[in-house]
Ligand code: SAT
Ligand code: MN
């Protein structure tokens, strides 16, 4: 079949777009080009294609209407940070925390790999909008992909299709994403970003953040560069609204590394003692934040769906997620029950008999591997979420009253810590560390520095990124207060000190009390901690000793922490802002004075 490469077949007159699509088609030689319009009819057609090729397995349509299982290649189950590159013109612009490759050489290499790579395949052209339609935040991307799974997932994760072409009109300013799975050979797998061209080339992987280019690639790595240039922030943050019993709603943005509970926190169900409280989700992974005319920081969620971690999701940890997964969802690498339903570790304590594991092999409780892959995922539209905020599509976004940084730490970090000022909050974010998870390939459970949870997602030099955060202070006349939280601290026997999940609202309530000045905090060398009497623990079985342990600041642990932060600052080198180094020295001195 000869592909129809002329511009007339395209549903747009946009020359920049049609010429680029023709250029990639000439390179990759697909059999067919399909421009996605985002319609329901198209979804049905693509789903049929995906089922016929075995890419999607229909689940029990009575139990989970319009829901499907995808099994990825077992060598392709998580983001691959070692294969992710920032190809800026100057190496220094990508900085010491990113892999860098020369842009011209990389384009040449990838073009070589992609020559004729879509022969026998369909090339999907997926135009999409990030951010609410009609918003000053909104940006456009187009992803060219040879994966029908990616096209269907992008339909859930973004505002995809006709709306994007309408918004684009004749404009050539859009993020150009080229995605080709090749033969999924890890030897020919590279995720490359060219911020200077607003372009992404992702080759050899079909999974998550490697392949859904709207997400980490565009909305964080490329957008963070745009944000620096244009004076705003693209962050790895959930956004939620908390409504108190008086009906007043306060918005909070919170950064956590991948697989640390952002989705659970974003749609938290209040504990029974918190009658009259409600939590509303704006977003569960990414926030774009700009200063409003009122001097506050306003945020939107650029995405339109959730790509959440399945294991551990249950009626206890996240009842809203269980509801939203009842229909219209794609599951990736979870286990399947004999009646065509899904299962994963932590869903309940009783794995049903006759399970097939994430690779489709028979599984029972004696099997040595997990039934669902630890990084197995669900993809579901945000409109499925019972806790969705009425402002999730608000073009203005929502005003942010607090920013939270959080990591997964068995020691050192207290349940909650308050910064003294914007710059001190930036210091807290810049020194944050977290134990690694299955969301990225590599060892799990190792503490690494992950400033602002952006280590794998900042598209430029991390020292300049800290500098940008510090500079923002000048334009935010009414800045949010900045906090640090840790839900994962353990006692000497390895038990979690804090119950987490819905009970995290108790910590958020203290944060609101601090914002309103209703309570004070206790000063320590590293920041403010709550007085135990100010934490609302009605209905919670927790001893005062346990709470004290969870809030304890142990100077010796902090000394180790600050040594590790200093090593990280040294690695950043000359772009590291002086102010943050000074704050570090100051903190080390006051820890010493406190007996570290
Ligand atoms: O694979 S993704 O990058 O989309 C998920 C994550 O790591 O947060
Ligand atoms: Mn994430």
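The values are calculated or read from the model by the stated rules, or taken from the named source; none is laboratory data. Quantities reported herein were computed from a predicted structural model and do not represent experimental measurements. Every residue, glycine as well, gets a Cβ built from its backbone with ideal geometry; the counts of neighbours run over all protein chains shown.
Looking only at the range 423-445, count every residue that is outside any loop (DSSP other than H, G, I, E, B) and within 16 Å of ligand 1 (Cβ to nearest atom) and tell me the total.
Summing the residues that are outside any loop (DSSP other than H, G, I, E, B) and within 16 Å of ligand 1 (Cβ to nearest atom) in the range 423-445 gives 3.
Checking the condition surrounded by 22 or more Cβ atoms within 10 Å (Cβ to Cβ), more than 29 Å from residue 344 (Cα to Cα) and within 16 Å of ligand 2 (Cβ to nearest atom), which residue from 310, 299, 287, 253 passes?
None of the other options fit; the residue is 299.
Checking the conditions here, which among 66, 90, 99 is surrounded by fewer than 16 Cβ atoms within 10 Å (Cβ to Cβ) and within 22 Å of the chain's Cα centre (by Cα)?
99
Against the definition (over 19 Å from residue 152 (Cα atoms) and either surrounded by 20 or more Cβ atoms within 10 Å (Cβ to Cβ) or within 16 Å of ligand 2 (Cβ to nearest atom) (or both)), how does residue 236 come out, yes or no?
Against the criterion (over 19 Å from residue 152 (Cα atoms) and either surrounded by 20 or more Cβ atoms within 10 Å (Cβ to Cβ) or within 16 Å of ligand 2 (Cβ to nearest atom) (or both)), residue 236 qualifies.
Does any residue in the range 196-216 that is assigned by TED's automatic domain parsing to the domain that holds residue 84 and within 13 Å of ligand 2 (Cβ to nearest atom) come within less than 6 Å, Cβ to Cβ, of a residue that is modelled with pLDDT of 95 or more and part of a loop (DSSP other than H, G, I, E, B) six or more places away or on a different chain, and which pairs are these?
Close Cβ pairs satisfying both conditions: 214/158; 216/457.
May I ask you to list the residues in the range 431-445 that are closer than 14 Å to residue 568 by Cβ and within 16 Å of ligand 2 (Cβ to nearest atom)?
Those that are closer than 14 Å to residue 568 by Cβ and within 16 Å of ligand 2 (Cβ to nearest atom): 432, 434.
Please find, within the range 221-242, the residue that is farthest from residue 176 (Cα to Cα) out of those that are touching a helix residue (DSSP H, G or I) at 6+ places or on another chain (Cβ under 9 Å) and within 15 Å of ligand 1 (Cβ to nearest atom).
238
Mind listing whichever residues of the range 14-41 are buried (at least 19 other Cβ atoms within 10 Å of the Cβ) and under 22 Å from residue 67 (Cβ atoms)?
36, 38
Which helices (runs of 4 or more DSSP H) does the range 29-127 wholly contain that include 2 or more residues that are within 18 Å of residue 206 (Cα to Cα)?
Per the criteria, 40-52, 103-114.
Checking the structure you have, find out if any residue of the range 533-542 is touching a residue at least 60 places away in the same chain (Cβ under 8 Å) and part of a helix (DSSP H, G or I).
no
How do the pairs read when you match residues in the range 553-564 that are more than 16 Å from residue 427 (Cβ to Cβ) with residues anywhere that are at pLDDT below 95 and surrounded by fewer than 18 Cβ atoms within 10 Å (Cβ to Cβ), using Cβ under 7 Å and keeping only pairs 6 or more apart or on different chains?
Pairs found: 555/594; 555/595; 555/596; 556/596; 559/596.
Going by what's in this entry, would residue 485 be described as more than 24 Å from residue 191 (Cβ to Cβ), outside the structural domain of residue 194 (by TED's automatic domain parsing), more than 16 Å from ligand 1 (Cβ to nearest atom) and within 18 Å of the chain's Cα centre (by Cα)?
yes
Of the residues 269, 263, only one is more than 16 Å from ligand 1 (Cβ to nearest atom) and in contact (Cβ under 8 Å) with a residue 24 or more places away in the chain; which?
Only one candidate qualifies: 269.
Can you find a residue in the range 138-150 that is part of a helix (DSSP H, G or I), at pLDDT 95 or above, under 19 Å from the mean Cα position of the chain (by Cα) and not assigned by TED's automatic domain parsing to the domain that holds residue 287?
yes
So for the range 266-277 (the condition being buried (at least 20 other Cβ atoms within 10 Å of the Cβ), in the same structural domain as residue 469 (by TED's automatic domain parsing) and out of contact with any helix residue (DSSP H, G or I) (no Cβ under 7 Å at 6 or more places or on another chain)), does at least one residue qualify?
The answer is yes, given that some residue of the range 266-277 is buried (at least 20 other Cβ atoms within 10 Å of the Cβ), in the same structural domain as residue 469 (by TED's automatic domain parsing) and out of contact with any helix residue (DSSP H, G or I) (no Cβ under 7 Å at 6 or more places or on another chain).
Of the residues 478, 448, only one is outside any strand (DSSP E or B) and either farther than 25 Å from residue 571 by Cα or not assigned by TED's automatic domain parsing to the domain that holds residue 222 (or both); which?
The conditions single out 478.
Exactly one of (1) in a loop (DSSP other than H, G, I, E, B); (2) more than 17 Å from residue 253 (Cα to Cα); (3) over 18 Å from the mean Cα position of the chain (by Cα) is unmet by residue 464. Its number?
With (1) in a loop (DSSP other than H, G, I, E, B); (2) more than 17 Å from residue 253 (Cα to Cα); (3) over 18 Å from the mean Cα position of the chain (by Cα) applied to residue 464, the lone miss is (1).
Among the residues of the range 172-205, which ones are touching a strand residue (DSSP E or B) at 6+ places or on another chain (Cβ under 8 Å), closer than 22 Å to residue 224 by Cα and part of a loop (DSSP other than H, G, I, E, B)?
Matches in the range 172-205: 173, 174, 198.
Residues that are loosely packed, with under 14 Cβ neighbours inside 10 Å and outside any loop (DSSP other than H, G, I, E, B): does the range 501-522 have at least one?
No, there is no match, as no residue in the range 501-522 is loosely packed, with under 14 Cβ neighbours inside 10 Å and outside any loop (DSSP other than H, G, I, E, B).
Please specify each residue of the range 565-589 satisfying the condition of being more than 20 Å from residue 464 (Cα to Cα) and surrounded by 14 or more Cβ atoms within 10 Å (Cβ to Cβ).
Hits for the range 565-589 are 587, 588.
Is it the case that residue 462 is crowded, with 23+ Cβ neighbours inside 10 Å, more than 14 Å from ligand 1 (Cβ to nearest atom) and within 16 Å of residue 232 (Cα to Cα)?
yes
I'd like the full set of residues that are at pLDDT 95 or above and outside any helix (DSSP H, G or I), limited to the range 544-596.
Once the filter is applied, which keeps residues that are at pLDDT 95 or above and outside any helix (DSSP H, G or I), the range 544-596 yields 552, 553, 554, 576, 577.
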